[in-house]
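I have placed the structure first, in the form of C-alpha cells, so that the comments after it can refer back to it.
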Amino acid sequence: MSDYDKYKPGKLKLKGEKHKSKKRKHKSKREAEDKPKIDQDTLKHGSWWKISKVEDITGPVAIEFGSHVYVKALDNGLFTLGAPHDEGDGPSPEEILTGVCISERKIAFKSGYNKYLRVDKDGMVTGRSDAIGPMEQWEPVIEDGKMALLGWNECFMSADDEDSIIAKAKKAGSDHFLTIRSHTFKEVNHLKDVPEEEQGNLKQVEINYVKKFQKFQDKRLRLCDDGKEQLKKAKDEGTFHETLLDRRSKMKADRYCK
C-alpha cells in the first residue's frame, strides 16, 4: 500500500477558521430528556384523563366543574353537583355517564339510569329520555383550551346556586367552563409510561407496592396505620418512595428491609 493510500482526507480547513468542538450532553441531562413524562393530571383524577377532542367523548365519561367535582345523576331524573373528591380518586358511579358521538360537532350523554340528558324548556337539565332527539344533543365548544357544553336551546350548561344542573345562559363565562374526563381504553396512551404500581390513588399505590415486595408467607396485606397525610406530604416533598419503604419496614412487610 502506497503512502497515498494510507492518507485519509479530512475536512478542509481554512486559514483563520476556528475549530468548533462538539458539545457532549451531560449524562444526567440526557437521561432527563429520555425519561418518560407522567401525566400528573390524570393520576390526580384516578386515571380519568382530560378530553380535548369531540371524537373522544365516547364510552364512560364524567363532567367535571372546578376541581374534582362532578355532575351527579339523581333517581328523580335531575342532576346536581356531587361532593368534592380527594386527589387521586375518580368519579363515583352516579357521576359516570356514557358519551355518544353523533357527528363531528354533536354528542349525547346517557346516565347510569339509561336515560339521555336533555335541556327542558325551563332550562333544567334532566335525564328522562329513552332515545336521542334534537333536545338530547349537545355541542362541545372548545376555545383556548377551555370547554363548555351548548344545549339545543343555545344555552350553556352550568350549576345554579343550589348546585342543580341547568342550561340557561346564552354566553359562556367562567361558571360554564368544564372538563369532560374519560376512562376508556385510550387512557393507556396517557399512562403507558407510568409504572403499574403507581396507578391509582395514594392508598392504592401503597397497596400495590406492599403486594409487590411482601415477604410474609400468609400473603395477607399488612398496611401501616399512619395517616394518609404522611403520604401526601412525602409526595409533595419528593420523598414518596422512601416513605413507602419506611412504612413497609414498620410492618416487616418488605423483603428488602433489614
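Does the range 83-98 contain at least one residue that is among the hydrophobic types (A, V, I, L, M, F, W, C), in contact (Cβ under 8 Å) with a residue 40 or more places away in the chain and either in contact with an Asp or Glu (Cβ under 8 Å, 6 or more places away or on another chain) or farther than 16 Å from ARG181 by Cβ (or both)?
Checked against the condition, which is being among the hydrophobic types (A, V, I, L, M, F, W, C), in contact (Cβ under 8 Å) with a residue 40 or more places away in the chain and either in contact with an Asp or Glu (Cβ under 8 Å, 6 or more places away or on another chain) or farther than 16 Å from ARG181 by Cβ (or both), the range 83-98 yields no hits at all.
Checking SER67 against (1) in contact with a Gly (Cβ under 6 Å, 6 or more places away or on another chain); (2) closer than 21 Å to MET147 by Cα; (3) not in a strand (DSSP E or B), only one condition comes out false. Which one?
(1)
Looking only at residues in the range 106-125 that are farther than 14 Å from ASN153 by Cα and over 23 Å from the mean Cα position of the chain (by Cα), which one is surrounded by the most Cβ atoms within 10 Å (Cβ to Cβ)?
The residue in question is TYR116.
With closer than 26 Å to VAL54 by Cβ and either modelled with pLDDT under 90 or in contact with a Pro (Cβ under 9 Å, 6 or more places away or on another chain) (or both) as the only criterion, which of ALA148, ALA169 stands out?
That would be ALA148, the only listed residue that is closer than 26 Å to VAL54 by Cβ and either modelled with pLDDT under 90 or in contact with a Pro (Cβ under 9 Å, 6 or more places away or on another chain) (or both).
Counting only residues that are basic (Lys, Arg) and assigned to a loop (DSSP other than H, G, I, E, B), which one in the range 70-115 is nearest to THR126 (Cα to Cα)?
Checking each candidate, the answer is LYS115.
Under 7 Å between Cβ atoms, at least 6 apart or on separate chains: pull out the pairs that start in the range 146-171 with a residue that is on the phi > 0 side of the Ramachandran plot and end on any residue that is among the hydrophobic types (A, V, I, L, M, F, W, C).
ASP163/LEU81
Looking only at the range 85-105, filter to residues that are in contact with a strand residue (DSSP E or B) (Cβ under 8 Å, 6 or more places away or on another chain) and among the small types (Gly, Ala, Ser); which one of those is surrounded by the most Cβ atoms within 10 Å (Cβ to Cβ)?
GLY99
The values are calculated or read from the model by the stated rules, or taken from the named source; none is laboratory data. Fair warning: this is a prediction, and the values are worked out from it, not measured in the lab. Ideal geometry is used to build each Cβ from the backbone, glycine not excepted, and the neighbour counts take in all protein chains shown.
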